[in-house]
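Here, each number is a calculation from the coordinates, and none is a lab measurement. Just so we're clear, the structure is a prediction, and the values are computed from it rather than from any experiment. With ideal geometry, Cβ positions are generated from the backbone for all residues, glycine too; neighbour counts draw on all protein chains shown.
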Amino acid sequence: MIVEYIRYRVPDGEEFEAAYRRAVVPLGRAPQCLDYELSRCVDEPACYVLRITWTSARDHLEGFRGGEHFQEFFAEIKPYVSDIEEMRHYEKVIEKTEPTLYEWAGGAQALERLTETFYRHVKDDDLIGPLFAHMDPRHPAYVAMWLGEVFGGPARYSEERGGHSRMVSHHLGKGITEQQRRRWVSLLMDAADEAGLPSDAEFRAAFAGYIEWGTRLAVYFSQPGVAAPGEEPVPRWGWGVMPPYRP
């Protein structure tokens, strides 16, 4: 990740803020943008700082600026380019840290244990078993690799398996139903218990949040006529609202 700071000195703050409220709509749609925040100085109200967290500087400069969302974003903020006092990328040096979901789960071994347990049950399931009738024997390991990267671990899936577009491509044309999706989720949650993943409320809420999001995307991309998206970064899932509980 990389953090971009843009410092503005703007005479008409009301119009500037309105422009950015419109601009953050396409910005938020860009997969390269992880987070953003516009702050106004209390001591000098004409001074603003925009903070954007990008997946990488390259993803910002090439992916976002060369992508479909940039022109809509830039059209809103273009009148204020001359008001920029600083625009640079920064790397975090010191920050408040908390374990990633990958670390909290127990790392690669825990996720491999999860997927091995899960797919063992999948094979015997009458509803979703047929979807995996010709499954590669290494498929559970690949899914564990994917989950590891999503949950903040090494980027092995991107480096070895082709990243987000490769994962999506596995679902094209499958015609997954809502009933099959729900069974998939149910079996995975049972497998998490059986494999001994952490059972604390914060981890399971974050884990379940990703599984709900990911399986619903899988259903969408599996329907007839839906094309795979272009190259996008692998999503990175965090704790969300509640950080890990430490008594």
Descending packing, highest mean Cβ count within 10 Å first, for 228-236, 36-44 is 228-236, 36-44
Projected onto their principal axes, the Cα atoms of the chain stretch, largest extent first, over whole-Å spans of 66, 50, 30
Computed from the beta carbon distance with a Förster radius of 35 Å, FRET efficiency for Ser39 and Asp124 to the nearest 0.05 stands at 0.05
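FRET efficiency for Glu178 and Arg29, Cβ-Cβ distance as r, R0 = 35 Å, nearest 0.05?
Working: r = 25 Å, r/R0 = 0.72.
After rounding, the FRET efficiency stands at 0.90.
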Of all trypsin sites (Lys or Arg not before Pro) in segment 80-171, the ones in DSSP coil with at most 11 other Cβ atoms within 10 Å are Lys92, Lys96, Arg138
Simple spin-label estimate for Ser199/Glu85, 7 Å along Cα→Cβ, in nm, reads 5.5 nm
Within the chain, the cysteines whose Cβ lies no closer than 4.7 Å to any other cysteine Cβ are Cys33
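Which of the helices in the chain, when you take each full DSSP H run, stretch at least 27 Å along the axis at their Cα atoms and have an average Kyte-Doolittle score of 0.0 or higher?
What comes out of the filter, once short or polar helices are dropped, is 201-221.
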So Ser186 and Cys47, fully extended at 0.36 nm per residue minus their Cα-Cα distance, gain in nm 45.0 nm
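Would you mind computing the Rg to Rh ratio of segment 187-247 from its alpha-carbon coordinates, Kirkwood style for Rh?
Numbers: Rg = 14.8 Å, Rh = 13.8 Å.
Ratio value, two decimals: 1.07.
If you take the square roots of the eigenvalues of the alpha-carbon gyration tensor of segment 113-165 and sort them as a ≥ b ≥ c, do you get rounded (a/c under 1.5), prolate (a/b over b/c) or oblate? Show your work: numbers first, answer last.
Working: a/c = 2.71, a/b = 1.95, b/c = 1.39.
Prolate, since a/c reaches 1.5 and a/b exceeds b/c.
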On the formula 1/(1 + (r/R0)^6), with r taken between the Cβ atoms of His139 and Met242 and R0 of 25 Å, the FRET efficiency rounded to 0.05 is 0.20
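Calculate, in nm to one decimal, what Gln71 and His170 gain on full extension: separation in residues at 0.36 nm each, minus their alpha carbon distance. Write down the numbers at each step before the final one.
Values: separation 99, 0.36 × 99 = 35.64 nm, distance 3.14 nm.
Computed gain between Gln71 and His170 is 32.5 nm.
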